[in-house]
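The values are calculated or read from the model by the stated rules, or taken from the named source; none is laboratory data. Treat the numbers as computed from the prediction; the structure is a model and nothing was measured. Don't worry about glycine lacking a Cβ; one is built from the backbone with ideal geometry, like all the others, and counts go over all protein chains shown.
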Amino acid sequence: MSQPKVSIIVPIYGVEKYIHQCVDSILAQTLKEIEIILVDDGSKDNCPAIVDEYVKKDSRIIAIHQENGGYGKAVNHGLKVATGEYIGIVESDDFIEPNMYEKLYVEAKRINADIIKCNFFSWFIENNQKISSQMEKKLKNAKFPCSINEIPTLLYFHPSIWSCIYKKDLIKEHKIFMNEIPGAAWQDNLFQVQTLILSQRISFISDILYTYRKFNLNESLDLKDAMIPYNRSMEIHKWLKTQSNITDDVWAFLIKREIAYMHIIIDMRGGINHLKRVKNILLNWVNGLPQSIVQTNKFFEKKEHEFLKRISTGKLVWLIFYKYKRYFRLKTIRRFFFSINTKKDIFCIQLLGIQVSKNFDHRPALIKIKL
């Protein structure tokens, strides 16, 4: 077979419930000249056997079985064997539209893009709701292709490394690989930053072509260890300092994203005892930011300056304030005592703190009853 137009890497671990939908959506691609690399990361369920069955069905599929080493190691294994002109990544509990790689590849070739990204849905399983990333609105006036210095706001968005294709020569030339950390510990952050910063020609299409399965409405519930976003951010800082062409605006948008990560840490489960544990993490994080950029860059908002200033005091009271302030808003109080949502997929009635819903709503309640 001639060189594939796109190599698609699928890191797999413990997803036998979703893997068929994922791989079938890749096999259904209208772009036929693809290579599908299924990397079984030592799954303990039926995934290894499912991977081997798929190899028998389609000659474009390559099966890799490795001892469990985490998401990063699985992706890296795929990168090492990929032969495509471009490389894509699909997470094994997600799925894609049939024309995703054809649309991305055709446009990438037309403009000779190093990276091209599409829009995507976040599918919240808890209430069966699909929400667009709305990147097309935030990038409405952007001119593509571009470099990251021209549109640094790209670094503020969710990493979503799976909504892109990357020119293989970009990966190879700059020796870009994932951090190999056990589990799935946000390894995509540094990968996203490196690929965007090292690319000369980045582009975006507004079509929603990828569905990202989310199991919690509140992102803080997905995070189990507060050190994960801190460590990944410090790795990015370390790498940025090795680069000679990083502008203040690039730094600013990465810091803005880190502020969002700090809020996720504050909102994690655990109440005041949790806040006591993370206080020093957040204090070290804020004090380690490049203060000249934080103080002078035009992209920071007043509320971000206020947040950083208060966290830098190291006082627990401010963490408590940021964690619980939403509960004291008049709208939140009103919804606690009475609210109704009649949307078909949600349907939620709440009265005097008792919630009855088709799918559990995220608003505070004393008792939650699922229909």
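General remarks:
- Qualifying residues in region 130-155 (those that are within 25 Å of P11 (Cα to Cα) and not aliphatic (A, V, I, L, M)) - the one farthest from the chain's Cα centre (by Cα): K130
- Those residues of region 97-121 which are crowded, with 18+ Cβ neighbours inside 10 Å and out of contact with any Cys (no Cβ under 8 Å at 6 or more places or on another chain), in sequence order: E97, Y101, E102, Y105, E107, A108, A113, D114, N119, F120, F121
- For region 171-225, taking the residues that are modelled with pLDDT of 85 or more, farther than 19 Å from N149 by Cα and of a type in the set (F, W, Y), the one that is surrounded by the fewest Cβ atoms within 10 Å (Cβ to Cβ) is identified as F177.
- Screening the candidates K343, K298, K303 for the property of being part of a helix (DSSP H, G or I) and either surrounded by 15 or more Cβ atoms within 10 Å (Cβ to Cβ) or outside the structural domain of Q129 (by TED's automatic domain parsing) (or both) yields one hit, K303.
- Only one entry of K103, K117 meets the criterion of being assigned by TED's automatic domain parsing to the domain that holds D41, closer than 16 Å to D207 by Cα, in a strand (DSSP E or B) and touching a strand residue (DSSP E or B) at 6+ places or on another chain (Cβ under 9 Å), and that entry is K117.
- Criterion violated by Q200 - all others in (1) under 30 Å from K140 (Cβ atoms); (2) touching a helix residue (DSSP H, G or I) at 6+ places or on another chain (Cβ under 7 Å); (3) assigned to a loop (DSSP other than H, G, I, E, B) satisfied: (2)
- Residue in region 69-83 that is touching a Cys at 6+ places or on another chain (Cβ under 9 Å) and in the same structural domain as R213 (by TED's automatic domain parsing) present: no
- Selection within region 64-82 - outside any loop (DSSP other than H, G, I, E, B) and surrounded by 18 or more Cβ atoms within 10 Å (Cβ to Cβ): I64, Y71, G72, K73, A74, V75, N76, H77, G78, L79
- Residues of region 140-167 satisfying the condition of being of a type outside the set (A, V, I, L, M, F, W, C), touching an Asp or Glu at 6+ places or on another chain (Cβ under 6 Å) and over 18 Å from I236 (Cβ atoms): K167
- Selection over region 141-175 of residues that are out of contact with any Ser or Thr (no Cβ under 9 Å at 6 or more places or on another chain) and either under 27 Å from D94 (Cα atoms) or not in a helix (DSSP H, G or I) (or both) gives a count of 14.
- Where I266 falls short, out of the listed (1) more than 17 Å from the chain's Cα centre (by Cα); (2) exposed (fewer than 15 other Cβ atoms within 10 Å of the Cβ): (2)
- Filtering region 119-138 for residues that are among the aliphatic types (A, V, I, L, M), over 28 Å from D40 (Cβ atoms) and at pLDDT below 95 leaves a non-empty set.
- Among residues of region 83-100, those that are assigned to a strand (DSSP E or B) and touching a Lys or Arg at 6+ places or on another chain (Cβ under 9 Å), counted: 3
- Selected residue (criterion: nearest to W123 (Cα to Cα)) from residues of region 1-50 that are out of contact with any strand residue (DSSP E or B) (no Cβ under 9 Å at 6 or more places or on another chain) and in a helix (DSSP H, G or I): H20
- For region 232-273, taking the residues that are assigned to a helix (DSSP H, G or I) and of a type in the set (V, I, T), the one that is farthest from V317 (Cα to Cα) is identified as V250.
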